[in-house]
Amino acid sequence: MDEHLIALETLGAQARKVRVPRDLEGLDGIVIPGGESTVLDKLARAFNLAEPLAALIREGLPILATCAGLIYLAKHVDNPARGQCTLETLDATVRRNAFGTQRASFDTTVDVGWGSAVFTGVQASFIRAPIVTEVGSAVQAIAVLKSGEVVGVRQDNIIALSFHPEETGDYRIHQAWLNLIKNHAEQVI
Ligand code: GLN
């Protein structure tokens, strides 16, 4: 989470942590970070954040989700933990810990692109990362590993990635997401 703050502030944006519903007020976009999707779920429910957050996502607020954040948005999880809930705002199925224990964590480069935004060789950390196993018709794959796994998707206002672009100092994805926020803000005005 702190790395996302650093990335956004390095790029000149103002960023703050969201913990309780009133922290959602006035935001132009939200990053849903990695960590552990079951913990995101438990905390969001405990702080009554899940419903207002899901509502903002459905209303079109720009979202950048990474790793556990991707899982937390997905409509379906192939292998959820017992009792695990998600926001079900991204029409996709994900598999948690898809690279298994042996390759549970690795760094690689991946090409990421949507529309005219195309980034080659983005430095990406995969940390017990999920993959996307199915997508709905409104969801586009935006990052695919050479081995074929879909590790990034876009659905309207949502950019969701299996990996951590914030850990590597390669902030091209954050910059592109800030550009999306700017376009979104101009449309809303
Ligand atoms: N494996 C974690 C989960 O299920 C995700 C790991 C991560 O966010 N780096 O939520």
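Selection of first residues in the stretch 167-189 that are touching a residue at least 40 places away in the same chain (Cβ under 8 Å) and of second residues that are in a helix (DSSP H, G or I), restricted to Cβ pairs under 8 Å at least 6 apart or on distinct chains, gives the following pairs, ordered by first then second residue: Glu167/Glu3; Tyr171/Ala7; Tyr171/Thr10; His174/His4; His174/Ala7; His174/Leu8; Leu178/Leu8.
The selection criterion, being under 16 Å from the mean Cα position of the chain (by Cα), under 18 Å from Ile158 (Cα atoms) and away from the ligand (no atom under 11 Å from the Cβ), does not hold for Pro130. The listed residues are Ala124, Ala98, and the only one of them that is farther than 15 Å from Ile158 by Cα and modelled with pLDDT of 95 or more turns out to be Ala98.
As a summary of the residue check, Val39 satisfies the conditions (1) more than 16 Å from the chain's Cα centre (by Cα); (2) loosely packed, with under 14 Cβ neighbours inside 10 Å except for the one numbered (1).
Suppose the filter is crowded, with 18+ Cβ neighbours inside 10 Å, touching a residue at least 40 places away in the same chain (Cβ under 8 Å) and not in a strand (DSSP E or B); does Ile159 pass it? In short, no. Filtered by the rule that a residue be among the aliphatic types (A, V, I, L, M) and surrounded by fewer than 22 Cβ atoms within 10 Å (Cβ to Cβ), the stretch 93-109 gives Ala98, Ala104. Put simply, of Val122, Val118, Val110 the only residue that is more than 24 Å from Ala55 (Cα to Cα), assigned to a strand (DSSP E or B) and more than 16 Å from the chain's Cα centre (by Cα) is Val118.
Pairing each residue of the stretch 117-139 that is farther than 17 Å from Ser105 by Cβ and without any contact (Cβ under 8 Å) to a residue 12 or more places away in the chain with any residue that is assigned to a strand (DSSP E or B) and away from the ligand (no atom under 11 Å from the Cβ), provided the two are 6+ apart or on different chains, yields C-beta distances under 6 Å for Thr120/Asp111. Might you check whether a residue that is acidic (Asp, Glu) and buried (at least 18 other Cβ atoms within 10 Å of the Cβ) occurs anywhere in the stretch 130-146? Scanning the stretch 130-146, I find no residue that is acidic (Asp, Glu) and buried (at least 18 other Cβ atoms within 10 Å of the Cβ), so the answer is no.
Set side by side, the residues Ala98, Ala143, Ala92, Ala117 differ, and just one is more than 16 Å from the ligand (Cβ to nearest atom) and not basic (Lys, Arg), which is Ala117.
The values are calculated or read from the model by the stated rules, or taken from the named source; none is laboratory data. Computed from a predicted model, the values in this text were never measured in an experiment. For neighbour counting, all protein chains shown are included, and Cβ atoms are generated from backbone atoms with ideal geometry for every residue, glycine included.
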